[in-house]
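Here the structure is laid out as structure tokens; the discussion comes afterwards.
Bear in mind that the values in this text are calculations on the coordinates, not laboratory data. Note that this is a predicted model, so its numbers are computed, not measured. All Cβ positions, glycine included, derive from the backbone under ideal geometry; neighbour counts span all protein chains shown.
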Amino acid sequence: MLYATPSLTAVDERVLAEIGAIRSELRHAVRQAPAKWTLDLRRALTASAIAASNTIEGFRVDARDVADLMDGEREGIDANEANKAETLAYQLMMTYIQSLYDAEDFTYSKGLLNALHWMLQGHHHTPHRPAGQWRRKPIFISTAGDPLSTEYEGPHEDRLPALTGELVDWLNEGDLDVDPLIRAAMAHLNLVKIHPWVDGNGRMSRSLQTLVIARQRVLAPEFSSIEEWLGMPGNTWDYYKVLREVGGPVYSPERDTGAWIRFNLRAYHEQAQRVRHRVQRSADVWMLLDQSAAGLGVSERQVAALHEVAVAGRVRRSRYEKSEGLNTQQATRDMQALVKADILKAVGQTKGRHYVVGERFPQDVLEAARRRITIRDPYGS
């Protein structure tokens with residue numbers, strides 16, 4: 001038996017409709033946007049999701065460093081080797097999940113779940129800590145700050161084949177008349193409460209939620225994830241609290257799941273507001289840079305580097321080289337020209353070098369990039 005999808009209240013229905021409207025607006029905006037800055041934004045959103053989801057588990061890497069790791073950079077990253085390894089493993093899994101966004105003849109299976117888990121945890125695989133296989137022992141989640149106090153006990157390991165099989169069947173055939181955002185939230189809840197692996201259950205459950213949303217094909221996975229929102233400190237505490245309240249101290253699928261759905265609807269709504277703001281901000285930055293390029297003596301391709309500096313805070317020569325299809329000599333020459341013109345400033349040495357805003361970087365562009373937003377709680381609390 002799985003935790004059941006609850007009926008929505010009238011307020012839930014209103015919030016869900018608002019989320020749908022924002023997502024439709026985002027879909028239109030992204031389709032109309034220049035491909036270059038859209039790619040920048042998709043990479044930044046992926047990096048933020050990976051950084052946030054890993055932060056929940058105690059692996060801390062700044063989102064900008066995650067973006068650099070995603071590009072193959074290893075020097076100048078402010079993270080230890082263990083955190084780098086966790087970041088790269090999560091990126092591998094998320095890259096595959098993103099590729100399934102529009103895959104034909106797709107189906108959920110136990111094999112898919114275990115393969116994703118291997119991508120995430122394969123670097124930890126041992127006979128006592130198997131990756132890509134159901135756990136073979138009891139699992140206890142400790143209370144924060146008290147390792148000897150059990151907050152949640154997962155179902156017995158003998159039940160895992162049946163429970164994961166039921167979940168897979170539900171993913172393929174269950175509640176298909178329910179909004180995909182609601183189904184995605186329930187997929188998350190059920191997987192994390194089944195807790196089928198020794199480690200990595202939280203990240204797997206959040207990733208499964210992203211995959212279920214992405215398969216709706218309204219927005220690309222990068223625009224669909226709520227992992228960035230969940231990783232914000234106050235939201236993380238709320239996340240743990242609602243999982244504890246709804247899930248119970250042991251596997252209790254008869255419990256009411258309405259609070260979990262309301263929590264997720266709030267997360268979807270507030271993250272959609274943030275993404276919409278980032279899309280609008282990026283579009284304005286690109287437009288302003290394009291308008292000022294001639295006066296600055298900046299080429300069309302250099303605008304891409306300046307755009308990334310404005311919205312992300314920095315750019316590396318290697319990423320600029322790759323995104324613009326240049327050779328190393330061309331990319332180096334472009335960066336040197338921007339530094340010589342005081343538009344950018346170089347920070348660091350050789351392989352760890354990156355570029356930030358210089359004295360002559362257009363101020364109106366920076367003002368657009370730093371424009372603030374007030375996030376509205378859709379439930380009004």
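Report, in degrees rounded to the nearest 10, the 0 to 90 angle that the Cα long axis of helix 328-340 makes with the longest principal axis of the chain.
Helix 328-340 and the main axis of the chain meet at about 70 degrees.
When Lys and Arg each count +1 and Asp and Glu each count -1, what net charge do the other residues less than 10 Å away from residue 250, Cβ to Cβ, add up to? If you can, show how the numbers build up before the last one.
Working: positive: 193; negative: 153.
In short, 0.
Filter the cross-link list 84/322; 84/345; 241/351 down to pairs whose alpha-carbon distance in this structure exceeds 32 Å.
Values: 84/322 22 Å; 84/345 26 Å; 241/351 43 Å.
With Cα atoms farther than 32 Å apart: 241/351.
Would you list 61, 347 from fewest to most Cβ contacts within 10 Å? It would help to have the intermediate numbers written out before the result.
Working: 61 24, 347 12.
Listing 61, 347 from fewest to most nearby Cβ atoms yields 347, 61.
Neighbouring Cβ atoms within 10 Å as the yardstick, rank 254, 308, 13 fewest first.
254, 13, 308
Need the full-extension length gain, residue 327 to residue 259, defined as separation in residues times 0.36 nm minus the C-alpha distance. One decimal, nm.
On the way: separation 68, 0.36 × 68 = 24.48 nm, distance 5.34 nm.
Using 0.36 nm per residue and subtracting the Cα-Cα distance, I get 19.1 nm.
How big is region 297-369 by the Kirkwood estimate over distinct Cα pairs, in Å? Numbers along the way, then the final one.
Working: mean 1/r = 0.0829 Å⁻¹.
Evaluated on region 297-369, it is 12.1 Å.
How many angstrom separate the Cα center of region 66-80 from the Cα center of region 1-62?
24
In nm, to one decimal, how far is the residue 10 label point from the residue 158 one, both placed 7 Å along Cα→Cβ?
If labels sit at residue 10 and residue 158, their model points lie 5.0 nm apart.
Taking R0 as 56 Å, what's the FRET efficiency between residue 103 and residue 148 from their Cβ-Cβ distance, rounded to 0.05? Walk me through the intermediate numbers first.
Numbers: r = 45 Å, r/R0 = 0.80.
With a Förster radius of 56 Å, E is 0.80.
Which residues does a label at residue 110 reach in region 141-167, if reach means a backbone N under 18 Å from a point 7 Å past the Cα toward the Cβ?
Correct set: 155-167.
Got the relative contact order for region 233-325 handy, in percent, Cα pairs under 8 Å and 6 or more residues apart?
On the way: 35 pairs, mean separation 14.8, N = 93.
Relative CO of region 233-325 lands at 16 percent.
Against the longest principal axis of the chain, how steep is helix 258-296, in degrees 0 to 90 to the nearest 10, with axes from Cα atoms?
10
Which whole number in µm²/s is D for the chain by Stokes-Einstein, with the Kirkwood Rh taken over Cα pairs at 4 °C and 1.567 mPa s? Show your work: numbers first, answer last.
Numbers: Rh = 22.2 Å.
Estimated diffusion coefficient is 58 µm²/s.
Please give the calculated 222 nm ellipticity per residue for the chain, where each DSSP H segment of at least 4 residues contributes -39500 (n - 2.57) and the sum is spread over every residue; nearest 500 deg cm²/dmol? Each step should come with its number before you reach the end.
Working: 15 runs with 226 residues, N = 381.
Rounded to the nearest 500, it is -19500 deg cm²/dmol.
Report, in degrees rounded to the nearest 10, the 0 to 90 angle that the Cα long axis of helix 160-173 makes with the longest principal axis of the chain.
Result, in degrees: 60.
Can you give me the Cα centroid spacing of region 289-356 and region 228-277 in angstrom?
The two parts, judged by their Cα centres, are 40 Å apart.
Find how much the distance from residue 60 to residue 291 grows on full extension, using 0.36 nm per residue of separation minus their present alpha carbon separation; answer in nm with one decimal. Please list the in-between numbers first.
On the way: separation 231, 0.36 × 231 = 83.16 nm, distance 3.80 nm.
Here the segment from residue 60 to residue 291 would lengthen by 79.4 nm.
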